[in-house]
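Novice: Sharing a structure with you now.
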Amino acid sequence: MIEKVLIANRGEIALRIIRACKELGIATVAIYSQADADSLHVSLADEAYCIGPHQSSKSYLSIPAIISVALTSGADAIHPGYGFMAERADFVDICDEHHIKFIGPSAAAMRAMGDKASARKTMIESGVPVTPGTGLVDNIDEIREFAKKVGYPVIIKATAGGGGKGMRIVNREEELEDAFNLCRQEAQNAFANPEVYCEKYLINPRHIEVQILADSFGNVVHLGERDCSIQRRHQKLLEEAPSPAITEDIRQKMGQAAINAAKAINYEGAGTLEFLLDETDPDNKKWYFMEMNTRVQVEHCVSEMISGVDIVKEQIRVASGQRLSVTQDDIVLRGHAIECRINAEDPSRDFMPFAGKIEGYIAPGGFGVRIDSHAYTGYTIPPYYDSMVGKLICWGVNREDARKRALRALDEYIITGIKTTIPFHKAILNNDVFISGQFNTSFIEKHFSKEELKNQ
Ligand code: ADP
């Protein structure tokens, strides 16, 4: 049994994990950088240790610092959250060497799925449709040939990419060379790995992802899908479950494909398989695997709200060597949930992160409203990390009920002293196309002009 968990993260996800541990009767150890001394995860954990200066490379990404705290505090497991150490197979190896349980998949499963090119290979082998594409390419001729075959546009992707970074869309052959070189360069700088591959770029697909949970006894379940098509610059802004575009038939097939893939690599823990849904022919919707995230995701909460399954607790159960607490038959999806990512950003300055002091903070409440946030009155957002200050997740008996509740809650949500994306979320939720459910990944670009975005 796991008795003490070190949370190798910060912000709202650190709180999310601490809460799950507390409810399970597990002691918690927080780590923090000097810039996060006033952070809520520090005060809510049973123990907290400063592990370095504000730079992530010297704190939240410092393996020696994290492992030292785990050993000295007697933590028997580490939960990585998302980002930072969550998808680093070398970190899993080091945890194993120190007999500290990494709460997540094995290093081997992570390697099979952790980078985009290997994940595609694994999926092709398990018979799942993937977006038409190449394997890793180191010379441009191969991409040129592929693009000629499938037609432009294509997208060049860093195999190690994430968070919307390390991708270049290529609309015509003349752009290919620059895009290829830039993408490799960016990938080297951001992910220390220049390897890229190329995919057909689908025009206006929907981003649909399936949440799975797996234990070490070979049990794998899926919790249905999330629709994450509302994005700005390939970064998710608002997510919902279920997707307004998914029929029961596709849900079952996608869910089964996700389960098969997880079984094929002996996956353990929580994971997400991302797909693109092509609705060019609405009577014959096609879907393709895009990548797998081998960790808990920001948007996991919408699946929790409609399934009643606590994903983080299941991660911890599985890591303790227990079986999943639910079978596929136990999982009944009920109602609808919408999540708004509230970022400290200034829309009038191209969504520049807005670090600073929160002068006033009042969170909404009431039936069906959930806030996962580390913000509070007087908290100063440090400029060194991501700009998300919290997530508002609203449940409703159906999509319209959830949408209206989210609008009501956003009206109640008061954050002063900084700029946030609250007004932007209201505009999205009030948009007729959003209301109709007939949107895709180009929604923001298509329905919000640069001027409108500035005025949010
Ligand atoms: P990241 O790992 O950085 O999040 P993803 O591979 O998940 O990157 O892609 C992020 C988003 O980029 C997708 O949700 C989608 O909007 C867009 N995208 C990625 N690949 C394609 C593609 N082949 N065709 C069309 N859009 C794509």
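The values are calculated or read from the model by the stated rules, or taken from the named source; none is laboratory data. What you see is a predicted model, and the numbers here were worked out from it, not measured in a lab. No Cβ is skipped: glycine too gets one built from the backbone with ideal geometry, and neighbour counts run over all protein chains shown. Please note that ligands, DNA and RNA were not included when accessible areas were found on the heavy atoms of the full protein model with its side chains. Shrake-Rupley method; radii C 1.70, N 1.55, O 1.52, S 1.80 Å.
Novice: Answer with yes or no whether Lys404 is more than 16 Å from the ligand (Cβ to nearest atom) and either without any contact (Cβ under 8 Å) to a residue 60 or more places away in the chain or in contact with a Phe, Trp or Tyr (Cβ under 7 Å, 6 or more places away or on another chain) (or both).
Specialist: The answer is yes for Lys404.
Novice: A follow-up question, please. Looking at (1) open to solvent by less than 20 Å² (accessible area, probe 1.4 Å); (2) in a loop (DSSP other than H, G, I, E, B); (3) within 16 Å of the ligand (Cβ to nearest atom), can you tell me which one Phe275 breaks?
Specialist: It is condition (2) that Phe275 fails.
Novice: Has the stretch 193-207 got any residue that is within 14 Å of Gly271 (Cβ to Cβ) and assigned to a strand (DSSP E or B)?
Specialist: Taking every residue of the stretch 193-207 in turn, none turns out to be within 14 Å of Gly271 (Cβ to Cβ) and assigned to a strand (DSSP E or B).
Novice: Here's a follow-up. Just one of (1) part of a helix (DSSP H, G or I); (2) in the same structural domain as Ile265 (by TED's automatic domain parsing) trips up Ser216, so point out which.
Specialist: Here Ser216 clears every test but (1).
Novice: Among the numbered criteria (1) buried (at least 22 other Cβ atoms within 10 Å of the Cβ); (2) closer than 23 Å to Tyr288 by Cα; (3) within 16 Å of the ligand (Cβ to nearest atom), which one does Ala187 miss?
Specialist: Only one criterion is unmet by Ala187, namely (2).
Novice: Is it true that some residue in the stretch 376-392 is charged (D, E, K, R), open to solvent by 10 Å² or more (accessible area, probe 1.4 Å) and in contact with a strand residue (DSSP E or B) (Cβ under 7 Å, 6 or more places away or on another chain)?
Specialist: No.
Novice: For Ala117, which of the numbered conditions (1) among the hydrophobic types (A, V, I, L, M, F, W, C); (2) touching a Ser or Thr at 6+ places or on another chain (Cβ under 7 Å); (3) within 17 Å of Leu213 (Cα to Cα) fails to hold?
Specialist: The number of the failed condition is (3).
Novice: Looking at (1) under 23 Å from Leu392 (Cβ atoms); (2) assigned to a loop (DSSP other than H, G, I, E, B); (3) open to solvent by less than 10 Å² (accessible area, probe 1.4 Å), which is the one condition that is false for Tyr267?
Specialist: For Tyr267, the exception is condition (1).
Novice: Which of the helices (runs of 4 or more DSSP H) contained wholly in the stretch 90-168 include at least 1 residues that are over 21 Å from Met290 (Cα atoms) and open to solvent by 20 Å² or more (accessible area, probe 1.4 Å)?
Specialist: Fully inside the stretch 90-168 and qualifying: 140-150.
Novice: Among (1) open to solvent by less than 50 Å² (accessible area, probe 1.4 Å); (2) within 24 Å of Lys313 (Cβ to Cβ); (3) touching a strand residue (DSSP E or B) at 6+ places or on another chain (Cβ under 7 Å), where does Ser59 come up short?
Specialist: The single condition Ser59 does not satisfy is (2).
Novice: Further question: Considering only residues that are in contact (Cβ under 8 Å) with a residue 24 or more places away in the chain and out of contact with any helix residue (DSSP H, G or I) (no Cβ under 6 Å at 6 or more places or on another chain), which ones fall in the stretch 276-295?
Specialist: Answer for the stretch 276-295, where residues must be in contact (Cβ under 8 Å) with a residue 24 or more places away in the chain and out of contact with any helix residue (DSSP H, G or I) (no Cβ under 6 Å at 6 or more places or on another chain): Leu276, Leu277, Asp278, Glu279, Thr280, Lys285, Lys286, Trp287, Tyr288, Met290, Asn293, Arg295.
Okay, residues lined up against (1) open to solvent by 10 Å² or more (accessible area, probe 1.4 Å); (2) modelled with pLDDT under 95; (3) assigned by TED's automatic domain parsing to the domain that holds Arg295; (4) not in a helix (DSSP H, G or I):
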{"residue": "Ile18", "(1), (2), (3), (4)": "no, no, no, no"}
{"residue": "Glu23", "(1), (2), (3), (4)": "yes, no, no, no"}
{"residue": "Tyr32", "(1), (2), (3), (4)": "yes, no, no, yes"}
{"residue": "His41", "(1), (2), (3), (4)": "no, no, no, no"}
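Novice: Has the stretch 313-323 got any residue that is outside any helix (DSSP H, G or I), touching a residue at least 60 places away in the same chain (Cβ under 8 Å) and hydroxyl-bearing (Ser, Thr, Tyr)?
Specialist: Yes, the stretch 313-323 has at least one match.
Novice: For the stretch 148-171, give me each residue that is within 8 Å of the ligand (Cβ to nearest atom) and charged (D, E, K, R).
Specialist: Passing the criteria: Lys157, Lys165.
Novice: Hey, does the stretch 231-248 have a residue that's more than 13 Å from the ligand (Cβ to nearest atom), β-branched (Val, Ile, Thr) and outside any loop (DSSP other than H, G, I, E, B)?
Specialist: There is no residue in the stretch 231-248 that is more than 13 Å from the ligand (Cβ to nearest atom), β-branched (Val, Ile, Thr) and outside any loop (DSSP other than H, G, I, E, B).
Novice: Look at Glu177 and say whether it is of a type in the set (Asp, Glu), without any contact (Cβ under 8 Å) to a residue 40 or more places away in the chain and open to solvent by 60 Å² or more (accessible area, probe 1.4 Å).
Specialist: Taking the combined requirement at face value, the residue satisfies it.
Novice: Turning to a different aspect of this structure: Of the residues Val326, Val318, Val309, only one is open to solvent by 20 Å² or more (accessible area, probe 1.4 Å) and under 15 Å from Val221 (Cα atoms); which?
Specialist: Within the list Val326, Val318, Val309, the selection yields Val326.
Novice: Okay, moving on. Condition test on Asn284, is it closer than 20 Å to Ala109 by Cα and either open to solvent by 10 Å² or more (accessible area, probe 1.4 Å) or within 15 Å of the ligand (Cβ to nearest atom) (or both)?
Specialist: no
Conditions tested, residue by residue: (1) touching a residue at least 12 places away in the same chain (Cβ under 8 Å); (2) assigned to a helix (DSSP H, G or I); (3) open to solvent by less than 40 Å² (accessible area, probe 1.4 Å); (4) at negative phi.
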| residue | (1), (2), (3), (4) |
| --- | --- |
| Ala14 | yes, yes, yes, yes |
| Ile51 | yes, no, yes, yes |
| Pro64 | no, yes, no, yes |
| Ala70 | yes, yes, yes, yes |
| Ile78 | yes, no, yes, yes |
| Met85 | yes, no, yes, yes |
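Novice: Same structure again: Of everything in the stretch 194-228 that's in contact (Cβ under 8 Å) with a residue 60 or more places away in the chain and near the ligand (Cβ under 7 Å from one of its atoms), which residue is most open to solvent (accessible area, probe 1.4 Å)?
Specialist: In this case the residue turns out to be Lys200.
Novice: Right, here's the next one. Where residues in the stretch 257-272 are out of contact with any strand residue (DSSP E or B) (no Cβ under 8 Å at 6 or more places or on another chain) and over 29 Å from Lys165 (Cβ atoms), which of them is farthest from the ligand (Cβ to nearest atom)?
Specialist: Here the answer is Asn266.
Novice: Can I ask one more? Pairs only if they're at least six apart or on different chains, beta carbon under 7 angstrom, first in the stretch 426-444 and on the phi > 0 side of the Ramachandran plot, second surrounded by fewer than 17 Cβ atoms within 10 Å (Cβ to Cβ); list them, first residue then second.
Specialist: Correct list of pairs: Gly437/Pro244.
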